[in-house]
Amino acid sequence: MNEEQGLKNVIDYIEAHIRESLSAEEIASACYYSRSNTKALFKKVFQYGMMEYAARRKLTQAAGELLSTSQSVCEIALEYGFASQEVFTRAFKKMWQETPARFRKRRRFWQLFPRQDFFCDDCGVFRRRFCLEDMRKMLEHREHTWIVCFDMEAPGIRYLKTVFGGEGGERFVLDCLQRIEGEMREGDHLFRIAGDKFVLLASSEAYETVLDQAERVFRRNGEKVHYQGNAVELAMFGGLIRLDQGDARSERLFEKLDGVLGRRWELTKRRRVQEDTDKRGSRGSCRFVYPEQGFPTGTVYHGYEIWKNELWDTDGTDSDRFWGYGADIKREREHLSFPLMCMKEENDCFEQNAPQIFWKLDQPGGRMLFPKGENWCVFQVMGSEGLVVREHFMVIRGLKAEKTADGFTLSFEKLFLEAVRTKNGSWLRLNEGELKETVHDLGLGAEEYRKICRTEREIRIRFKNSPLFQTKLP
């Protein structure tokens, strides 16, 4: 049995026994796998544990029962295999951020975590998405349907999970979905089709009505969500498409929906404005360019040389040793806008009179350090008190330093989405499956992939027990 079939068997078994108390041993045995192999394979492909999947699916289906039946919370809890109403309520509140009773009174959307779907592409990379069967059934009963597609804007879900962990990433997804839910009309249906991609099936057949719904959602771009003492500004892209009844069973339904979002980077306009220069005079900036193919390229302006005695107190010996380069990155406000466009046919977009969506995002300030002779750099994010609150390590290559009248301009290629070290010393990073998917999309070869993994592992080992850099400003 290959891995793909084995995973499908695991998902099928969980779905068939969703109302029962499940154990990892039971699932593995029913699918003819060992417990350890089943758990490891599931984690590698889906980036969360097998039992975590079962728990999320139970809580999702239970949420649907709360909205569609008159059963008591206790009855639903026992029906889905929870030991008591109290156990169910604690788990439900952790996932939905409110109690079952409050959820039943306030909500209409419940499919936060649909059945997991996936396929293995020609290169052996598992591509994850959620099952579209419920959406297909609804499309079959409508001659035409207006659909609004949404995608989380940067920082996307990968970045958010890297910085705040998987639970934090899901918290931000929930907030985006509830923004859409707040504009739903009677007869509308909301679906999550991938990690940070959502679609709204509108009941209205009037284009202007659906466009107005979508515009009201996007006008909330830039609103802050508070999580563990952090205020994160969330935003979404999107567009409209009209599907016909025949699209319900199309093998390319997901691709059609995803295609609405495909031009978002090309159409988005970005402009960054620095805050007024503070007393320290820091004015550096960093810009990344993300091409369609190949690695992102970074350019840091107003860099400077760093010597050993600027990093640590020394006894005077070897104090003039060159350590590397640095740049003080000023906090900025990024002004963004995109046209809320409609796609009449696949790859046929029109933007006549399309409303422009505007919002602003805070870009954190801090310091970037490029140690001499290393193939990595680190961005130290500074808190309000001027101390480092977390560090983003990036694997890079091809660092070049050019002397200018304003210091040094540093250019490099970025090979790896950040591994983040938090203030308490914990590490947040992409796991093997996410990293493999990311670097595959960039066209990496096997040797480069192994080199990135090795460098990232060496960084974590090297700084495992050391405090965050608290470098002195020059």
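Modelled label positions at Q228 and N37, each set 7 Å beyond Cα in the direction of Cβ, lie 3.5 nm from each other. Given the pairs K44/K372; K161/K423; K94/K197; K105/K161; K308/K403, which are separated by over 28 angstrom at their Cα positions? Those over the limit are K44/K372; K105/K161. For F118 and W427 in one chain, what is 0.36 nm times their gap in residues minus the Cα-Cα distance, to one decimal in nm? Difference between extended and current length: 108.5 nm. Okay, which of region 100-142 sit inside 20 Å, backbone N to the point 7 Å along the Cα-Cβ direction of Q245? The answer is 133-142.
Protection proxy ranking for 423-429, 406-412, using the average of other Cβ atoms within 10 Å per residue and placing the highest first: 406-412, 423-429. Of the peptides 23-35, 169-181, the order by per-residue mean of other Cβ atoms within 10 Å, starting with the highest, comes out as 169-181, 23-35.
Label positions at K137 and C74, each projected 7 Å from the Cα along the C-beta direction, are separated by 3.1 nm.
Taking all protein chains together and a 1.4 Å probe, the residues F82, F130 rank F82, F130 from largest to smallest accessible area. If you wrap the tightest convex hull around every Cα atom of region 170-219 and split its volume per residue, you get 70 Å³.
In straight-distance terms, cross-link reach from K39 covers every one of the lysines whose alpha-carbon lies under 17 Å from its own, apart from those fewer than eight places away in the same chain; here that gives K8.
The values are calculated or read from the model by the stated rules, or taken from the named source; none is laboratory data. In this text, all values refer to a predicted model and were calculated from it rather than measured experimentally. Methodologically, a virtual Cβ is constructed for each residue, glycine included, from the backbone with ideal geometry; neighbour enumeration extends over all protein chains shown. Only protein heavy atoms, including side chains, enter the accessible area calculation; ligands, DNA and RNA are left aside. Shrake-Rupley method; radii C 1.70, N 1.55, O 1.52, S 1.80 Å.
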